[in-house]
Every structure is written in structure tokens, then in C-alpha cells.
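Down below is the structure, laid out as C-alpha cells.
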Amino acid sequence: LVCAQVMVSAVLLIPTGLFLKSLVNLMRVDLGMKTENLIGFSVSPALNGYKQEQAHALFERIEAGMAAIPGAKGVAAALVPLIAGNNWGTDVKIAGAKETPADNNSRFNEVGPGFFGKMGIPLLAGREFTESDSAAGPKVAVVNETFVRRFLDGRNPLGVQFSGGGGPAPDITIVGLVKDSHYSSVKDAAPPLYYRPWRQDKQIDGLHFYVRTALPEKQMVPQIRRVMASLDRDLPLEDLRTLEEQIKLNV
């Protein structure tokens, strides 16, 4: 009986050890961004009856309010949260392209001003989004390296126009190129990806915010809750956790 118990225990410990080894290896993966000292949360004002103009104004107040918290080093916003298993995609069409790849689907995200610098994603060429990239301005995008390889054969993407989501004609101009980073998963390589300014989206129901902090999480979280309560105490904070905690949930 003792021998049988030892054998069963050994059989159970082997896969457990392999799982832990795989987990450790995944946690060592270079994600292409700075994950430390980042606290994230989502808000969905549309669920509380906000109209689009009201939601846009609230998002801007959240960005400003979080940036004003003592100890906050930067605030970034994204429509699709990172390393959360989300894969929003759409087909793209490149202006002047002689032929379209068999797989012309690209992931996309909508982000706030200075998103890449605040998230630690290196900008390789061109520029970041600014507050002037609003609905009143020309449509712009930033793409990653895989997007360039898939759709542009590696050529300089700056100034190239494309359409996404079945648009009638290419009317989005690429203004920046960023280094590949993991997007929805730790396990999967970076997909082709383009980013748009969230301020140019006329129909946006919710956003995810990241606050990079110089303070411990237990000191920053109460301040985040306090700022949000001052803006709308009836609007719940969803998925309030550090980015590193989010990554552990997704490995």
C-alpha cells in the first residue's frame, strides 16, 4: 500500500513540476513593454446611460484626474486591455497595393495620447498620438513591425494609407511605427496590429486605463477609487488590478 501511494504521488508530482517549470518560463518572456508598477481598470459609462459626448468628456476627465494623483507617473488608455485574451480584428486594405494577402486580417486597438511611451513600447519611427488627434483631425494610425511585414513587405510605413473594417477607400494615414509587443497573450507572438486614437472613435462605450505609479499598490488603489468617486460614484471600476496580476491570470 505504501509503495502504491508513493507511485501515485510521483505520477502526480511530475506533471505538476512540468507545469510550474512552464509557468516560470512564461513569466520570463519579454513582452515588449514595461509591466512593473502599472495598475489597470476599466469603465463602461454607456452601461450607466452616458451618451457619446458625455462618455468622451468623462474619459478625458479620468485621464486628467489620474495624472494629478500624487505618485502617478503616467496615465495611458486603451479600448482593448493588454494580455487579457482579447482579439479585436478587422480586414485591412492598403492603398496602391497590387494584391491583397490571403489573410488580410489585422488586430486593432484604440489608445490615448502618449500611450506607447507610457506603456514602455518603443517607438521606432514617426510619432505618437497627441490630444490633437481628435475626431476633427485627419484619420491616423500607428502600426507594429508585424503589420509592416504582413502588408507592406517591410517597406517604410510612414505616410502609407489604408482602410480598416471594410471602409470604402483607404483614408487612414500611418504616422508611426512601434516595436512588436505581446498583445492578447503571453504565449502567442505579436500579431499584425494597428492602433488608432480613441478620440477619433465616435462610438466608444468603454475604456481601460493604466496608471503607472511610484507608490505601492495598496497606497495608489484607494486614490484611484477616490478620484473615480469624485467623477461618478455610481460608475463601477472593473478589473482593478496590476498589469502583472493580469499577466499571471493569462499565462
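Observations, loosely collected:
- Residue list for the range 74-117, restricted to those being more than 22 Å from Val251 (Cα to Cα) and of a type in the set (A, V, I, L, M): Val75, Ala76, Ala77, Val92, Ile94, Ala95, Ala97, Ala102, Val111
One line per residue, one yes/no per condition, for (1) modelled with pLDDT under 95; (2) open to solvent by less than 10 Å² (accessible area, probe 1.4 Å); (3) under 26 Å from Gly159 (Cβ atoms):
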site: Gly71; (1), (2), (3): no, no, no
site: Ala78; (1), (2), (3): no, yes, yes
site: Pro81; (1), (2), (3): no, no, no
site: Trp88; (1), (2), (3): yes, no, yes
site: Asp91; (1), (2), (3): yes, no, yes
site: Gly96; (1), (2), (3): yes, no, yes
site: Ser106; (1), (2), (3): no, yes, yes
site: Asn109; (1), (2), (3): no, yes, yes
site: Phe115; (1), (2), (3): no, yes, yes
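- Inclusion of Phe162 among residues that are touching a strand residue (DSSP E or B) at 6+ places or on another chain (Cβ under 7 Å) and more than 17 Å from Lys93 (Cα to Cα) is not warranted.
- Within the range 40-140, strands (runs of 3 or more DSSP E) holding 2 or more residues that are closer than 23 Å to Gln223 by Cβ: 72-78
- Hey, Asp30 acidic (Asp, Glu), modelled with pLDDT under 95 and closer than 21 Å to Val186 by Cβ or not: yes
- Odd one out for Asn37, checked against (1) at negative phi; (2) modelled with pLDDT of 70 or more: (1)
- Once the range 172-192 is narrowed to residues that are under 30 Å from Lys51 (Cβ atoms) and aliphatic (A, V, I, L, M), the residue that is most open to solvent (accessible area, probe 1.4 Å) is Val175.
- Condition met for Gln219 (in contact (Cβ under 8 Å) with a residue 24 or more places away in the chain, touching a helix residue (DSSP H, G or I) at 6+ places or on another chain (Cβ under 8 Å) and more than 19 Å from Ala84 (Cα to Cα)): no
- Filter pass, Asp205 being open to solvent by 20 Å² or more (accessible area, probe 1.4 Å), free of Cβ contacts under 8 Å to residues at least 12 places away in the same chain and in a loop (DSSP other than H, G, I, E, B): no
- For the range 147-171, filtering for residues that are in a strand (DSSP E or B) and either over 20 Å from the mean Cα position of the chain (by Cα) or exposed (fewer than 14 other Cβ atoms within 10 Å of the Cβ) (or both) leaves 3.
- Subset of the range 132-146 that is free of Cβ contacts under 8 Å to residues at least 60 places away in the same chain and farther than 25 Å from Tyr183 by Cβ - its residue that is least open to solvent (accessible area, probe 1.4 Å): Ser132
- Of the criteria (1) in contact with a helix residue (DSSP H, G or I) (Cβ under 8 Å, 6 or more places away or on another chain); (2) closer than 17 Å to Lys118 by Cα; (3) open to solvent by 70 Å² or more (accessible area, probe 1.4 Å), which one Trp198 fails: (3)
The values are calculated or read from the model by the stated rules, or taken from the named source; none is laboratory data. Treat the numbers as computed from the prediction; the structure is a model and nothing was measured. Ideal geometry is used to build each Cβ from the backbone, glycine not excepted, and the neighbour counts take in all protein chains shown. Areas reflect the complete protein model, heavy atoms only, side chains present, ligands, DNA and RNA absent. Shrake-Rupley method; radii C 1.70, N 1.55, O 1.52, S 1.80 Å.
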